[in-house]
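Working notes for the structure below.
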Amino acid sequence: MTSQKPFLRIAAGEWIPYTKILTQDGGNITVEGPMKFVLDIFAKMINFDYELVPAPGNKWGAPLANGSFSGMMGLLQREEVELAIAPFFVTPPRETAADFSEPVYYDSYAILMVRPEIVNDMSGFLKPFAPTVWLMIVLSLLCMTVAMSRVARYEEVVVFSLPATTTWAKATLWAIQAFSQEGSHWLPRKHGGRLLVSTWLMASLVFMSSYSGILTAMLTVPRVNIPIDSLKDLVAQSDLPWRIEADSFMYNFFLKAEDNLRQGVFSKKAGTFQDCWADRQAIADGEFAAICDRITMMKAMSWDFSTTGRCHLYISREKVYDNGYLSIAFKTKSKYLPAANKIIKTLKMTGHLNKWLADQITNTTQCLKPPSADIGAGISPLSIEAFSGPLLVLLTGLTMGGVVLVAEHLMKLLD
């Protein structure tokens, strides 16, 4: 007489790319994905049958005020299931409700948001220098004009008793022409003034050479302003709201935070969301930014590029939480845990776990590149938008010149 296999209840949910729900019939579900492969190997090697129980609200589970847990962690804490076939981030609160296996994956959290786009800036021609540099250049121009007019006139009238030919207009025009690398027929008549000329010509050469080189690089090489690349950036801005995954490790991570930055992330959040995969379209549409695990974010990127042929999502460079390990959760003192640990170690050594996960995440290489790489090789023809700022300045100058010309003509008629 053969002994009957044990029949286990196992919690599962849709945690793409780890598990995907195929069918759901009342209290039973069927799933596929890397964690389903692991579960089937458990069942075969440890010798048990099972049924899958849907995770309440499709949530991982968070500690409640009364000491119990919601979601899958609650099922484990109440021992309503033997294990939860999902990779949990292991935390001290969760370890009070369940036992965890050997790590199956390592992951981190970051910020997922709509991808910043390359935009043309009308004031871009002013960007090669910082505002303080522009201020110093203007002050230098004014100081040189004053010094040139006074020194040259003093040499003419006082030192050498020559007729006065230096005027404010001549000195100002010369300083501007020299600064813009134009030639000028007028020069001071003696050595003191000419020494000032040499000094200003050298300084102007440095100014204009630096400006033209930086401006050329800025106009021809795509540049993207990335407003959010860290938690500090996220809290400092108000253009894009953000949300935290409901009943997740991250929710409790920010809820219990003691530093001002993470407290700000929690207090200023625009609510919660299910997970980055379920809300991938809303994130790609720019409705909100989300704090998610990197593997799920990459799966969302893979879907986006496979579906549209473009990249609409961006992952912040700074990680919110780094080097967390993910394990399968078992009810406390489960007799199946030691055997499961041996199987997990073997699957890791043979590379099966990484291969199964890698098969779920494809077409992410292009989207992991910086947004500035979105224009082909990086060098692009200049568009009319790139010159909109200088053209606007030119148009303003032409308009003002015309107005002055008309005013001069009217004044002459009145005389």
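The values are calculated or read from the model by the stated rules, or taken from the named source; none is laboratory data. Just so we're clear, the structure is a prediction, and the values are computed from it rather than from any experiment. As a convention, Cβ positions derive from the backbone with ideal geometry for all residues, glycine included, and neighbour counts pool all protein chains shown. Heads up: the accessible areas ignore ligands, DNA and RNA and are worked out on the full protein's heavy atoms, side chains in. Shrake-Rupley method; radii C 1.70, N 1.55, O 1.52, S 1.80 Å.
Among the numbered conditions (1) over 13 Å from Met148 (Cβ atoms); (2) among the charged types (D, E, K, R); (3) surrounded by 13 or more Cβ atoms within 10 Å (Cβ to Cβ), tell me where Glu182 comes up short.
Status for Glu182: all satisfied but (3).
Could you look through segment 36-51, keep only residues that are open to solvent by less than 10 Å² (accessible area, probe 1.4 Å) and in contact (Cβ under 8 Å) with a residue 60 or more places away in the chain, and pick out the one that is farthest from Trp356 (Cα to Cα)?
Phe48
I need the full set of residues from segment 326-360 which are small (Gly, Ala, Ser) and in contact with a Leu (Cβ under 7 Å, 6 or more places away or on another chain), in order please.
Those that are small (Gly, Ala, Ser) and in contact with a Leu (Cβ under 7 Å, 6 or more places away or on another chain): Ala329, Ser334.
So if I check each of Gly264, Gly309, Gly286, which one is open to solvent by less than 40 Å² (accessible area, probe 1.4 Å) and at positive phi?
Just one listed residue meets the conditions, Gly286.
Quick check, is Asn28 surrounded by fewer than 22 Cβ atoms within 10 Å (Cβ to Cβ), at pLDDT below 95, more than 37 Å from the chain's Cα centre (by Cα) and among the polar types (S, T, N, Q)?
The answer is yes for Asn28.
Given (1) part of a helix (DSSP H, G or I); (2) closer than 16 Å to Tyr251 by Cα; (3) open to solvent by less than 20 Å² (accessible area, probe 1.4 Å), where does Leu75 come up short, assuming only one miss?
It is condition (2) that Leu75 fails.
Looking only at segment 267-276, which residues are surrounded by fewer than 19 Cβ atoms within 10 Å (Cβ to Cβ) and touching an Asp or Glu at 6+ places or on another chain (Cβ under 9 Å)?
Selection gives Thr272, Gln274.
So is Val119 under 30 Å from Asp279 (Cβ atoms) and modelled with pLDDT under 80 or not?
Yes, satisfied.
Quick one: count up the residues across segment 1-22 that are under 20 Å from Asp275 (Cβ atoms) and either open to solvent by 80 Å² or more (accessible area, probe 1.4 Å) or assigned to a helix (DSSP H, G or I) (or both).
Number satisfying all stated conditions: 2.
For the list (1) closer than 16 Å to Ile328 by Cβ; (2) of a type in the set (A, V, I, L, M, F, W, C); (3) not in a strand (DSSP E or B), I need the number of the one condition that Ala65 fails.
Unmet for Ala65, out of (1) closer than 16 Å to Ile328 by Cβ; (2) of a type in the set (A, V, I, L, M, F, W, C); (3) not in a strand (DSSP E or B): (1).
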